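The next block holds one structure in the form of structure tokens; read it before the comments.
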Amino acid sequence: MSGNPLVRLGELGQSPWYDYITRDLVASGELRRLIEEDGLRGMTSNPTIFEKAVAGSRLYDDEIREATEQGRSAGEIFEAIAVADVRAACAEFAPLYRTSGGSDGLVSLEVSPTLANDTEGTIHEAERLWGALDRPTAMIKIPGTEAGLPAITHCLAAGISVNVTLLFSVERYAAVLEAFLAGMEQRLARGLPLGRVASVASFFVSRVDGKVDALLDRQGDPHRLRGKIAIANASAAYRLFEWSLGTPRWDRLAKAGARPQRPLWASTSTKDPRYPELYYVEALVAPRTVDTMPPETFAAYRDHGSPAVRIHEGVAAAQPQLRALAASGIGLAAVTRELEQDGVAKFAASYRSLLAGIEAKAEELAPFHPR
């Protein structure tokens, strides 16, 4: 048993991933250290992360300058940067990918969030990015929107590993699970191998309390549900995941070599200062799951995490808590629908801001040509 709480999470069956990527993380050797010493088992990215990396540093200036001189657009420049960074991270994770049999060592790159409601556009971009990355350790992030569901099935059937993102409701998670199973069944029907296709379903946690707590506060919180609904919601999703693994449908796929689509807990950093720093991470320690943490939360867990499987406590409490929420007149379905719309809008805004930042840098770095 390891003394490092992060390594201990891995021993308990939960993979700690890093919700962060930047070029110097790889170049400095820090990523390799995180993998070797802290049990880091994967990495996720999104437009907000790339926006901070590109705008907040000079790491990419030479690349932006050169690409601008070649006449490339901001979108093309960003894609080149993102693909290069993800490929570099994939190389660092390759040994872990091999030793874990392909379960871990995965690095995610997101399709443009501006395509969240465009099925065909998502499929086209996912296929293009998958080809550009050309790494078995890569994953393509596809939003779990209604339009994203058929894209998820298509991509998995095509052999593209998929990280389904922006999940907030158990009902949508059930539809994502169906999309996953359908994609794997299509591969099986075509006689294609299943084992090398990986998938996770990213269920966002703390943002649920951010919305629900405000509604409870207005009522005076008579049922004392403050800070409990996000964990209850995630626990209900985990219960559905466990149930799915006991079905004949999954058994047939598993016997053909398929890996389960693991729940991935996202947005587990604490936003409300009234809650402990590791509140959501500790509550959702569970076998066959992933928790992707930003650097600050990752470091905090290394320092004072207390790993133990607690998900079953959450599952036991979830249904009474969710029923009490409904009895209070707060509609969780409406909350999660709003969160999905907000999430898509925020990532799209970050993407547009990222491109604007690249354009501004390109102009700043362009050589001066006197008239």
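Out of the stretch 235-257, which residues are touching a Gly at 6+ places or on another chain (Cβ under 7 Å) and not in a helix (DSSP H, G or I)? So that I can check it myself, show each step before the final result.
Within the stretch 235-257, the subset touching a Gly at 6+ places or on another chain (Cβ under 7 Å) is 235, 257.
Residue satisfying the conditions is GLY257 alone.
Residues of the stretch 318-340 being surrounded by fewer than 15 Cβ atoms within 10 Å (Cβ to Cβ) and assigned to a helix (DSSP H, G or I), which ones?
Within the stretch 318-340, GLN319, PRO320, ARG323, ALA326, ALA327, ALA333, ALA334, GLU338 meet the criteria.
Report yes if ALA116 is surrounded by fewer than 21 Cβ atoms within 10 Å (Cβ to Cβ) and either in contact with a Cys (Cβ under 8 Å, 6 or more places away or on another chain) or hydrophobic (A, V, I, L, M, F, W, C) (or both), otherwise no. First the steps, then the outcome.
Numbers: surrounded by fewer than 21 Cβ atoms within 10 Å (Cβ to Cβ): no; either in contact with a Cys (Cβ under 8 Å, 6 or more places away or on another chain) or hydrophobic (A, V, I, L, M, F, W, C) (or both): yes.
No.
Quickly run through the stretch 73-90 and pick out the residues that are of a type in the set (A, V, I, L, M), closer than 13 Å to LEU129 by Cα and crowded, with 21+ Cβ neighbours inside 10 Å. Break it down into steps so the answer makes sense when it comes.
Taking the stretch 73-90 first, the residues of a type in the set (A, V, I, L, M) are 74, 77, 80-84, 86, 88-89.
Next cut, closer than 13 Å to LEU129 by Cα only: 80-84, 86.
Matches in the stretch 73-90: ILE81, ALA82, VAL86.
Can you name every residue in the stretch 143-160 that is over 22 Å from ALA189 (Cβ atoms) and surrounded by 22 or more Cβ atoms within 10 Å (Cβ to Cβ)?
Residues of the stretch 143-160 that are over 22 Å from ALA189 (Cβ atoms), as a first pass: 143-148.
Hits for the stretch 143-160 are PRO143, GLY144, THR145, GLY148.
Closer than 18 Å to LEU133 by Cβ, crowded, with 21+ Cβ neighbours inside 10 Å and touching a residue at least 60 places away in the same chain (Cβ under 8 Å): is that true of PHE93 in this structure? Give the derivation first.
Working: closer than 18 Å to LEU133 by Cβ: yes; crowded, with 21+ Cβ neighbours inside 10 Å: yes; touching a residue at least 60 places away in the same chain (Cβ under 8 Å): no.
Criteria not met by PHE93.
Since ALA237 meets every condition but one in (1) of a type in the set (Gly, Ala, Ser); (2) in contact with a strand residue (DSSP E or B) (Cβ under 9 Å, 6 or more places away or on another chain); (3) free of Cβ contacts under 8 Å to residues at least 40 places away in the same chain, which condition does it not meet?
(3)
Listed residues ASP291, ASP272; which is charged (D, E, K, R), surrounded by 21 or more Cβ atoms within 10 Å (Cβ to Cβ) and outside any helix (DSSP H, G or I)? Write out each step before concluding.
On the way: ASP272 fails: surrounded by 21 or more Cβ atoms within 10 Å (Cβ to Cβ).
Within the list ASP291, ASP272, the selection yields ASP291.
If we keep just the residues of the stretch 185-227 that are among the hydroxyl-bearing types (Ser, Thr, Tyr) and touching a strand residue (DSSP E or B) at 6+ places or on another chain (Cβ under 8 Å), which is nearest to LEU156 (Cα to Cα)?
Selected residue: SER199.
Of the numbered conditions (1) assigned to a helix (DSSP H, G or I); (2) surrounded by fewer than 16 Cβ atoms within 10 Å (Cβ to Cβ); (3) under 22 Å from the mean Cα position of the chain (by Cα), GLU282 satisfies every one except a single condition; which is it?
That leaves (2) as the condition not met.
Kindly provide the set of residues from the stretch 228-266 that are of a type in the set (S, T, N, Q) and surrounded by fewer than 24 Cβ atoms within 10 Å (Cβ to Cβ), ordered by number. Before you say what the answer is, go through the steps one by one.
So in the stretch 228-266, the residues of a type in the set (S, T, N, Q) come out as 233, 235, 244, 247, 261.
Those that are of a type in the set (S, T, N, Q) and surrounded by fewer than 24 Cβ atoms within 10 Å (Cβ to Cβ): SER244, THR247.
Kindly list, by first and then second residue, each pair from a residue in the stretch 338-366 that is within 16 Å of ILE64 (Cα to Cα) to a residue that is loosely packed, with under 15 Cβ neighbours inside 10 Å, limited to pairs with Cβ atoms under 7 Å and residues at least 6 apart or on different chains.
LEU355/GLY75; LYS361/ASP61; LEU365/ASP61
Output the residues belonging to the stretch 45-64 that are exposed (fewer than 15 other Cβ atoms within 10 Å of the Cβ) and not charged (D, E, K, R).
Those that are exposed (fewer than 15 other Cβ atoms within 10 Å of the Cβ) and not charged (D, E, K, R): GLY56, SER57.
Which residues, taken from the stretch 14-58, are assigned to a strand (DSSP E or B) and small (Gly, Ala, Ser)? Lay out the reasoning, then the answer.
In the first step, residues of the stretch 14-58 are kept if they are assigned to a strand (DSSP E or B); the result is 14-19, 42-44.
The answer is SER15, GLY42.
If a residue must be in contact (Cβ under 8 Å) with a residue 24 or more places away in the chain and either within 28 Å of LEU215 (Cβ to Cβ) or surrounded by 15 or more Cβ atoms within 10 Å (Cβ to Cβ) (or both), how many such residues does the stretch 297-308 contain?
6
Can you go through THR114, THR122, THR68 and tell me which one is in contact (Cβ under 8 Å) with a residue 12 or more places away in the chain, part of a helix (DSSP H, G or I), more than 22 Å from PRO263 (Cβ to Cβ) and under 18 Å from the mean Cα position of the chain (by Cα)? I'd like the intermediate steps shown before the answer.
Values: THR122 fails: more than 22 Å from PRO263 (Cβ to Cβ); THR68 fails: under 18 Å from the mean Cα position of the chain (by Cα).
Among THR114, THR122, THR68, only THR114 is in contact (Cβ under 8 Å) with a residue 12 or more places away in the chain, part of a helix (DSSP H, G or I), more than 22 Å from PRO263 (Cβ to Cβ) and under 18 Å from the mean Cα position of the chain (by Cα).
Select from the stretch 241-290 the residues that are farther than 30 Å from ALA214 by Cβ and either modelled with pLDDT under 95 or of a type in the set (Val, Ile, Thr) (or both) and list them in ascending order.
Residues of the stretch 241-290 farther than 30 Å from ALA214 by Cβ: 242-262, 287-288.
Residue satisfying the conditions is THR247 alone.
Scan the stretch 96-111 for residues that are more than 15 Å from the chain's Cα centre (by Cα) and among the aliphatic types (A, V, I, L, M) and jot them down.
LEU96
The values are calculated or read from the model by the stated rules, or taken from the named source; none is laboratory data. The structure displayed is predicted, hence computed values, not measured ones. As a convention, Cβ positions derive from the backbone with ideal geometry for all residues, glycine included, and neighbour counts pool all protein chains shown.
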